[in-house]
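The values are calculated or read from the model by the stated rules, or taken from the named source; none is laboratory data. Given the structure is predicted, the values throughout are model-derived calculations rather than measurements. We place every Cβ from the backbone using ideal geometry, glycine too, and count neighbours over all the protein chains shown. Protein only, heavy atoms only, side chains kept; ligands, DNA and RNA dropped before computing areas. Shrake-Rupley method; radii C 1.70, N 1.55, O 1.52, S 1.80 Å.
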Amino acid sequence: MIASLRGTVINQFEDSIIIDVSGVGYGVYISQIDLNNVPIDQEVNLFIYEHIREQSHDLFGFLLIETKHFFEQLLDVNGVGPKMALKILDIGSIADIKNAISSSNALYIKQASGVGQKLAERIIIELKNKIVAGFSTTTTFAGTLNQIGSNDEALQALTSLGFSVNDATRALVDIDKSLPLEEQIKLALRDRKV
């Protein structure tokens, strides 16, 4: 089983990349949010989901392990395959999608290409209890957010990379604010990938 790949992105396509790992080029499907954050000719680490069928062996990559976990939750829904799950991830941040599920907002889920009313409702029904159990509201980290500061550049950088405010706040809470901005972001990203 391939759990992760670390290598250089040598090509980008509409919904996938080719990552060179020690001379072997792996084709990896990737969400639009992650695709926008993997520059060509730079090293990247991706968490991998393998989808093996009789006719194909597809790899799906994620910059953050929590994105992979949510992707796998989506796959548990009858009628959602890996490519459909990626399309759902393309409609917004994980926090926004989870919010839509927990508030039964089928209209938001239907924004994903190929998702109709019935499938959107099935996603909500099958995942709502799982999402609510593991989903933190923005008030949970209100004190921490005030401590970090809502205008913090590192916080803004992480949210622009697709983190929810909660996740960005959590990632930055133990990082020394006197470090340069780039170092704070690197540490936050590294800690979130563990």
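Note on Leu119: accessible area approximately 20 square angstrom, rounded to 10, probe 1.4 Å, nucleic acids and ligands left out. Please give, to one decimal in nm, the separation of the simple spin-label points placed at Gln111 and Phe13, each 7 Å out from Cα toward the Cβ. Label-label distance for Gln111 and Phe13, simple model: 2.6 nm.
Length gained on full extension, Asp96 to Glu121, computed as 0.36 nm times the residue gap minus the Cα-Cα distance: 7.4 nm. Using heavy atoms of the protein chains and a probe of 1.4 Å, the accessible area assigned to Glu153 is about 120 Å².
Kindly identify the stretch 1-135 as rounded, prolate or oblate by the Cα gyration tensor criterion: order the square roots of the eigenvalues as a ≥ b ≥ c, call it rounded if a/c is under 1.5, otherwise compare a/b with b/c, prolate if a/b is larger, else oblate. Prolate shape, in that a/c is at least 1.5 and a/b is the bigger ratio.
Where in the stretch 1-28 does the label zone of Ile40 land, with the point 7 angstrom along Cα→C-beta and an amide N cut-off under 11 Å? Within reach of a label on Ile40, which here means backbone N under 11 Å from a point 7 Å along Cα→Cβ, the stretch 1-28 contributes 10-13. Solvent-accessible surface (1.4 Å probe) assigned to Arg122 amounts to roughly 80 Å². Rounded, prolate or oblate: which fits the stretch 21-90, taking a ≥ b ≥ c as square roots of the Cα gyration tensor eigenvalues, rounded meaning a/c under 1.5, else prolate when a/b beats b/c? The shape class here is oblate.
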